[in-house]
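All of the numbers you see were taken from the coordinates with simple rules; none came from a lab. Keep in mind that what you see is a predicted model, and the values were worked out from it rather than measured. Every residue, glycine among them, receives a Cβ derived from its backbone with ideal geometry; neighbour counts consider all protein chains shown.
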Amino acid sequence: MEKELNRQPYALCINGNDYYSDHDKKLLRFLRDDLHLTATKDGCSEGACGTCMVLVDGVKTKACVISLSKLQGKKILTVEGIAPEEMKVYEHCFAAAGAVQCGFCIPGMIISAKSLLDVNLNPTRSDVKQAIKGNLCRCTGYKKIEDAILMAADFFREKKEIPPAPSSLHMNETAKRIDAKEKVNGTGIFADDIIVDGMLYAKPVYSKYPRAKIERIDISKALIHPDCEKILLKSDVPCNKIGHIKQDWDVMMGPGDITRYVGNVLAVVASRRKDTLEEICSLVEIDYTELPPVTTPFDALKGDAPLIHEDGNVMSRANLVRGNADAAFSHSKFVVTRKYKTSWQEHGFMEPECCVAMPEEEDGLLIYTSSQSVYDVQRECAKMLQIPKEKLHCRAPLVGGGFGGKEDMSVQQYAALMAWITKKPVKVKYTRQESLNYHVKRHPMEMEFTTACDENGILTGMKGVIIADTGAYASLGGPVLHRACTHAAGPYNYQNIDIFGMSVYTNNVVSGAFRGFGVTQSCYATEMNINLLAEMAGIDPWEFRRRNAIKPGDILPNGQTADSNTNMTACLDAVKDLFYSNPYAGIACGFKNAGTGMGKKDIGRVLLSVENGKIHIRTSAACMGQGIGQMALTEICHVTNLDPGLFVFETADTVRTPDAGTSTASRQTVMTGEAARRAGEKLKYELDKGRTVAELEGREFFGEYSAITDPLGAVKENPISHVSYSYGTQVIILNEEGKITKAVSAFDVGTPVNIQSVEGQIEGGMIMGIGYGVTEKFECVDGYPKSRFGTIGFMKASEAPELSVILCQPEEKDKLPYSLGAKGCGELCMIPTAPACAHAYYRLDGVFRQSLPLEHTPYRK
C-alpha cells in the first residue's frame, strides 16, 4: 500500500498538453491505447519501419522503442500536433507530388520531413534521403516522397500560396489524389485505429512445429486467468475448411490432427485487456508428437512422402503447348538450356493484418478489416460460420498496402468467430513477426528452360518445366502457376511453346499472390536464356530483343493476337541510347495481363448516387495504395466534365458498394475503370438534357463491365487469354563497385489515368524488384520462418538509386477501347527488374547467376 501511495505518475507534454500515466510503457502504446492519438502508426513495434515517428524536443524518435520514463520534462510532437497552416502545406505538397499511395507510412514521413525542414529550408535531395532513411515505404520507391519534401521546403521558404483546386479533371494529367489529404494529416482510419467500448482482444495460439500430431490441448489454466473471456477450439468452428479458391485451409486444428505448417491455429484466446493476451496464450498447454516435415517440392513428390493433404501433394498442374518445340529446336542454329531457382519474397506492406468484428443488429456481424476484397471476407467468413452471407456486413477502412498478401484470410476468420460466439466486439491483429511468419509469400520456383533461335537471332521455340512450392495450402497457387506458364516465353513473337508447370504442397510457409503473380519468376528464366542466345548469335542484347519484340498483329507465344495498342517496340527504343552508353547496364523485357482472364468471371462495377448535392462513387474495388478512388473519379470526370470537388469516394462496404471483384491481377484499372466510365456516361446523358446535379438528387447510375476471355488450353487458333496486356523494358545501371546507381522503366501501360500515380506505382515496383533481385531474403529453414522485419533487406531511401520512368503511350487510334485507353501497371513494374539486375552483374563480372536473390553482389555478400 505504501508503494502505491509513493509512486509518482509519469508526466508527459504531448502536442502542448500535459498527460499522466501510472505505468511505464512504450510511448507508442500510450499514444495509441491511452490517448487514442492514432496518426502515429504501429508498423512493427521493433524500431525497424519508422511509421511511429514522433518529435521529442525536435528530434525524430521512434515511439515504439522509447519508454515514458525517458521522456520526463521533454516536449513530444505527433502529427496531430502540427499547426493547421503548416499541415496544409504538407497536405498539398505530398498530394501534388504523388507521394501518397497506401498512406500508412506517411504520418511518420511527415514527422521526419518536419525534423529536417524546421532547421533547413534549402535541403538537397541527399539531405532529404538522409532525413527519411529511418522510414520504410513499400509503395512509392521514395522518389515522390522526396519530391514532396523538397516542394514543401520551397513553399515554406518562399511563403507560397497553395493554389486553388482545379474545377476539371481528365485522363493523362497530374492531379492530387482524392484520398491523399486524410492520409497525410493522419485522420484517415486504418483497422487498428478502430477502438470500441468493451472490445475484447483475441489472439490465435499457433503450432510449435511445421508437422506434428496434436495429442492434447489443455486450456484449463488459461481459462482461470482473471482477464480471460473465452477460448475457442476446433470444435467451436461450424465449418473448418475455407480458402480463396480451393477450400483446403484449416481454420483450426485439434487433437488427432497433423499440422501442415507453423501457422496452423490450435486455439483462439480472448482477453479483456490487451496487455495480458500473450500471458493467457502461454497458459494453453499442447502436447505433440513431432514428425519430420516435408520442405521441398521434390521431397513431396517422392513415392514414400507423407500426404500433406488427402487429395495428394500436387496442388495444381498447368500445360501450355503450341506448335512443336522439339521440331523447332532440331532446326535451330542455337539452343540453350539452363536451370533457375527463385526463393520466397515477403510482401512487407507497412500495415500488419488487423480485423475488428462486432455484433450488428438483427443477429448480424459487422467486420472492419484490411483486405483486398470485402466480398471475399464476407464469403469465407460466412462459409466458416455457416450463416447466410447477408448477415455479414464487411467494411474496409484504409488498407496499408497489400501487393497480393491481403487476398487470403489471415485474422478475419478468428475475429469473426470470436465476435459471433461472444456477442462482443473483438480485435485480432498480427504482430509484425506473426505477419512475417504466417501470411503468404511469393512462390519459390525451380525451373528448367530451353530456348532456341536461328542464325539471325530470331526466336524459334522454347520448352519449360516449372515446379512451384505452394507451401501448406493452395491459396492462389493455381492462378499463379497459370500466369507463370502463359507468360513464360516473354513478350516476343514465336509460337513453338511447350510449358509444363506443377504447384506442390509442402510444410513450408504458404505461398500465394504477390505482385507479378508468377511472371516475375518465369520472366527471370526466359530473359536470362535470351542473354545467352544473344551472346551465342553475336547480337547485342538490346538488338536481339528488338528483333523479336511483339508488335500489333503478331501472335504472342500463348496464341493471343497482339492488338493495335501493343507498344513493346517503343519501350525498347526509349532505352536504346541509355543501354548503349553504359557498359554495366542490364536490360530485360516483360509483359503482364490485365484482368483475371483465362475464361474466369471478371467483372467491374461502379454505382454513382447523388446524395445531398454530392455524387458518391461506390465500388468495392479495394484501394491498398494504387489509387482506385482517383482512377474512378478521373474516368467519370473525363466523360462528364464535372468538377471533381462534387464527388465523394466511399471505401468498400458490402452494403453500400457493388461487388467489383478482388484487387488483383492488375484488373481494376481496366475492369472497374470501364465500369466507372459507363456509369459516368449514364450520368452525362442526364446532364446533357440540361439537368443539374441538384436536380438529380436521389438518382443512381450503375456501370458494369464483364471481360470475355478463353480458358487455358482453349481449342481455337488464337484464344483471348486476357482482355489486355501491358509491356515494358527496364534498364539497371551499375557502377564499377557493383552498386545500382540508376533504374529506368520504359512502359506501355496505355493512357495514364493519373500521371503521378502511374509513375509512383512504377517507381515503387522498381525498388521492390531490386529488392527481389539483390537486397531481400526471406528465410524459411526446415519449415520454420527465420527472418525479422529489420533484417530482410528492404531498401531504404538512402540506398535507393536514381529512378526514371518513361511512359510510351499509344497513338489515339490505337488506344485500348476500354477504360479510356488505360491498362494496368501495378504488377508489370517489378517483373523485368530482377533479370535486368542479373544481366547488369553479368556484364560487370562475367558471372552468370541462376538463382534469386543474386549472390556475390555488394548487397548480399
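Given the choices [x] 0.93; [y] 1.20; [z] 0.98, Cα Rg over 2.2 N^0.38 Å derived from the coordinates of this structure is entry [x].
Think of it as helices only: each DSSP H run of n ≥ 4 in the chain is worth -39500 (n - 2.57), and spread over all residues that comes to -7500 deg cm²/dmol at 222 nm. Using the Cβ-Cβ distance between ASN718 and ASP275 with R0 set to 45 Å, the FRET efficiency from 1/(1 + (r/R0)^6) comes to roughly 0.15. Quickly work out the PHE500-to-LYS739 label distance, labels modelled 7 Å from Cα along the C-beta direction, and quote it in nm with one decimal. Once both label points are built, they end up 4.8 nm from each other.
Couplings for the range 402-418, taken from phi via the Karplus curve 6.51 cos²θ - 1.76 cosθ + 1.60 with θ = phi - 60°, read x, 6, x, x, 10, 7, 7, 5, 10, 10, 4, 5, 7, 5, 5, 5, 5 Hz in order; Gly and Pro are left as x. Close amide H pairs (under 5 Å, H built 1.01 Å from N) link ALA267 with VAL205, residues at least 5 positions away or on another chain. Rounded to the nearest 20 debye, the dipole size of the chain about its Cα centre is 560 debye, using +1 on the Cβ of Lys and Arg and -1 on the Cβ of Asp and Glu.
Each of HIS170, HIS482 was scored by other Cβ atoms within 10 Å of its Cβ. Arranged with the fewest first, they read HIS170, HIS482.
Each Lys and Arg Cβ is given +1 and each Asp and Glu Cβ -1; about its Cα centre, the range 603-706 then shows a dipole of about 140 debye. The aspartates and glutamates whose alpha-carbon is closer than 12 Å to the alpha-carbon of LYS75, local same-chain residues fewer than 8 away aside, are ASP18, ASP57.
Pop a pseudo-label 7 angstrom from the Cα along the beta-carbon direction at both SER581 and THR337 and give the gap in nm to one decimal. Rounded to a tenth, the inter-label distance reads 4.3 nm. Working from label points 7 Å from Cα in the Cα-to-Cβ sense, the ASP57 to THR296 distance is 5.7 nm. I'd like the GluC sites (Glu not before Pro) in the range 159-218 restricted to DSSP loop residues with at most 16 other Cβ atoms within 10 Å, sorted by number. Listed in order of number, the matching sites are GLU161.
Cross-link partners for LYS213 among the lysines, with Cα-Cα distance under 18 Å and sequence neighbours closer than 8 places in the same chain left out: LYS234. When the trypsin sites (Lys or Arg not before Pro) in the range 44-109 are filtered for DSSP coil states and for at most 16 other beta-carbon atoms within 10 Å of their beta-carbon, the remaining sites are LYS74.
Please give the net charge around VAL284, taking every other residue with its beta carbon less than 15 angstrom from that of VAL284, where Lys and Arg add +1 and Asp and Glu add -1. Value of the local net charge: -3.
Applying 1/(1 + (r/R0)^6) with R0 = 41 Å to the Cβ-Cβ distance of ILE755 and LYS213 gives a FRET efficiency near 0.10. When each of SER112, SER798 is scored by the number of other beta-carbon atoms lying within 10 Å, the sequence from fewest to most is SER798, SER112.
Taken one residue at a time, the phi angles of the range 743-760 give Karplus couplings (6.51, -1.76, 1.60, θ = phi - 60°) of 10, 10, 10, 10, 10, 9, 10, x, 7, x, 6, 10, 4, 5, 5, 5, 4, x Hz. Gly and Pro are set to x. Residues whose amide H lies under 5 Å from that of ASN240, counting only those 5 or more places away or on a different chain, are absent; hydrogens are built 1.01 Å from N in the peptide plane. Amide H contacts of GLU700 (H built 1.01 Å from N, in plane; Pro and chain starts excluded): no residue 5 or more places away or on another chain comes under 5 Å.
DSSP bridge analysis restricted to the chain gives an antiparallel fraction near 75%, rounded to the nearest 5.
Counted over the range 602-671, the DSSP beta bridges are approximately 60% antiparallel.
Positive-end ranking of SER167, PRO123, LEU283 along the dipole of the chain, with charges on Cβ about the Cα centre, is headed by PRO123. When both bridge partners sit in the range 1-168, DSSP labels roughly 85% of those beta bridges antiparallel. The string of couplings for the range 189-196 from the Karplus curve (6.51, -1.76, 1.60, θ = phi - 60°) is 9, 9, 4, 6, 7, 7, 10, 10 Hz, one whole number per residue in order, with x for Gly and Pro. Treating only the Cβ atoms of Lys and Arg (+1) and Asp and Glu (-1) as charged, compute the dipole magnitude of the range 479-548 about its Cα centre; round to the nearest 20 debye. Roughly 240 debye for the range 479-548. Cross-link check: pairs LYS88/LYS183; LYS341/LYS463; LYS183/LYS592; LYS230/LYS391; LYS208/LYS406 evaluated at a Cα-Cα cut-off of 18 Å; pairs beyond the cut-off: LYS183/LYS592; LYS230/LYS391; LYS208/LYS406. Extension gain, ASN319 to ALA11, is 104.2 nm, computed as 0.36 nm per intervening residue step minus the present C-alpha separation. Count charges around ASN582 for me, please; just the other residues with Cβ under 15 Å from its Cβ, Lys/Arg as +1, Asp/Glu as -1. Taking every other residue near ASN582 into account, the sum is -1. In this calculation the C-beta distance from ASP34 to GLU361 is compared with R0 = 30 Å, giving a FRET efficiency of 0.45. Could you compute the net charge surrounding ASN437? Neighbours are other residues with a C-beta less than 13 Å from the C-beta of ASN437; K and R count +1, D and E count -1. Every neighbour counted, the sum reads +1. Using +1 at the Cβ of each Lys and Arg and -1 at the Cβ of each Asp and Glu in the range 405-493, identify which of LEU476, TYR414, ILE466 lies farthest towards the dipole's positive end. Farthest towards the positive end: TYR414.
The alpha carbon centroids of the range 742-796 and the range 135-212 are separated by 18 Å. The gain in end-to-end length when the ASP326 to ILE224 segment is fully stretched comes to 29.8 nm, 0.36 nm per residue minus the alpha carbon separation.
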